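Here is the structure we will look at.
The values are calculated or read from the model by the stated rules, or taken from the named source; none is laboratory data. Computed from a prediction, not measured in an experiment: that's the story for all the values here. Note: ideal-geometry Cβ built from the backbone for every residue, glycine included; neighbour counts use all protein chains shown.
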Amino acid sequence: MDQQSIDAALRARAAKVIPGGMWGHQNATRVPVGYPQYFSRSEGCRIWDADGRSYIDYMCAWGPMILGYGDPDVEEAAARQRAQGDGLNGPTPRLVELAELMVDTVAHADWAMFSKNGTDATTACVTIARAGTGRRKVLVARGAYHGAIPWCTPSVAGVTEEDRAHLVYYDYNDAASLEEAAGSVKGDLAAIIVSAFKHDLGKDHVLPERAFAHAARRVADEADAALIVDDVRAGFRLDMGGSWELVGVKPDLSAWSKAIANGRALAAVTGNDRFREGARSIFTTGSFWTAGVSMAASIATITKLRNTDAVGLMSASGERLRAGLQAQARKYGLALRQSGPAQMPVFLFEGDEDRSLGSRFCVEALNRGVYFHPTHTMFLSAAHTSEIIDETLEITEEAFKAVAHVHEELAAKAG
């Protein structure tokens, strides 16, 4: 059997029984040819595809893995709870323990609620804001992604204008734009929702400017509306108290998911007392939302993140990777543009409008054992030690060399 046959066979089978063979952002047809679709196992910061090839993983299961795959403390906590029970007629004591831990950890939180997906959490935030204010309009940054559901999905298929009838758009980091949007719905503003930072696909990532963040807080206060921080993607990677702690702003509501349970399905909403009654008054539920195993895993995850300064470790590793990549790019005459937080990077190449150069680099790295993404936010975990970064840089050295060689040949032909 050839090296690709298991993955190829699974894709062929899937095409018969799954629309499109796969769905959403994890569909391998959205990345360059050569990326695997199916994976067989993982450990630490490494994954193995269905054909047995291993990679140092810089997607971390698209964000959920923050301590590393199979972290022993998290796995022990999950196994202990699994032996006692998971989905029962009501929640286990882990529900209360986790809510207490979230309130103790997140700077703005007076209470917490739980669900399973990031989309659940962002949608609940919007619903709570509307319940708490009695108003309809929500300000959303142009191009922002807050989940896969009609009110905010980037898709247009199956979505009606009515689904988004009460959204009003502003430009991220543009206080004047935000104020204009708020002014256009004066008297009917329920919420302003902001991403932890601007992370549009295939574009430079942009951190929030302090002046913009404080303007958002002021505009929300003046309207007695909710300021919502969508921390689904960045939660606990930038600051344990919430990502906008870095700009000195506390939201009224925050949405969490991805990394809060080190890979197990869990999401959360945290809020302040201003919106406690709104949260109490809405009806939101799910068959698996109180399952105990993921909550036990989350307690172990958050506790370990706090006790080990994981944010600092991830940041240091990210800076080590960023410096190494930049030096290698300069060495081979390639203009690499890196942005975003160091522990949640994206890198693009100057002049690479069709992403062919970035795609080629990522495939060269993939073929040598490093899994990058050419356009999406990437993620470091606490398992990405300095030794792993150095191993990565040995591989990217060869990838840059290969890309530079091809780049020179194409430039010579064009000349």
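A few comments on the model shown:
- Close pairs from segment 101-117: first farther than 18 Å from T301 by Cα, partner surrounded by fewer than 20 Cβ atoms within 10 Å (Cβ to Cβ) and among the β-branched types (V, I, T), Cβ under 7 Å, at least 6 apart: A109/V103; D110/V103; W111/V103
- Some residue of segment 263-277 being crowded, with 18+ Cβ neighbours inside 10 Å, within 23 Å of R30 (Cβ to Cβ) and not assigned by TED's automatic domain parsing to the domain that holds Y35: yes
- M295 being more than 15 Å from A382 (Cα to Cα), touching a residue at least 24 places away in the same chain (Cβ under 8 Å), part of a helix (DSSP H, G or I) and not hydroxyl-bearing (S, T, Y): yes
- Any hit, segment 336-350, residues being aliphatic (A, V, I, L, M), in the same structural domain as S42 (by TED's automatic domain parsing) and either in contact with a His (Cβ under 7 Å, 6 or more places away or on another chain) or surrounded by fewer than 17 Cβ atoms within 10 Å (Cβ to Cβ) (or both): yes
- Pairs linking a residue in segment 139-165 that is hydroxyl-bearing (S, T, Y) to a residue that is outside any loop (DSSP other than H, G, I, E, B), with Cβ atoms under 8 Å and 6 or more positions apart or on different chains, are Y145/S195.
- From the options E277, E319, E364, E353, residue that is modelled with pLDDT under 95 and out of contact with any Leu (no Cβ under 9 Å at 6 or more places or on another chain): E353
- Those strands (runs of 3 or more DSSP E) of segment 25-96 in which at least 1 residues are surrounded by fewer than 17 Cβ atoms within 10 Å (Cβ to Cβ) and without any contact (Cβ under 8 Å) to a residue 12 or more places away in the chain, considering only elements entirely within it, cover 39-43, 46-49.
- Leading residue by the ranking (surrounded by the fewest Cβ atoms within 10 Å (Cβ to Cβ)) among those in segment 353-375 that are in contact with a Lys or Arg (Cβ under 9 Å, 6 or more places away or on another chain) and within 14 Å of K203 (Cβ to Cβ): T375
- Taking residues in segment 349-368 that are under 15 Å from E398 (Cα atoms), and partners anywhere that are of a type in the set (S, T, N, Q) and part of a loop (DSSP other than H, G, I, E, B), the pairs with Cβ atoms closer than 8 Å and at least 6 places apart or on different chains are G358/T375.
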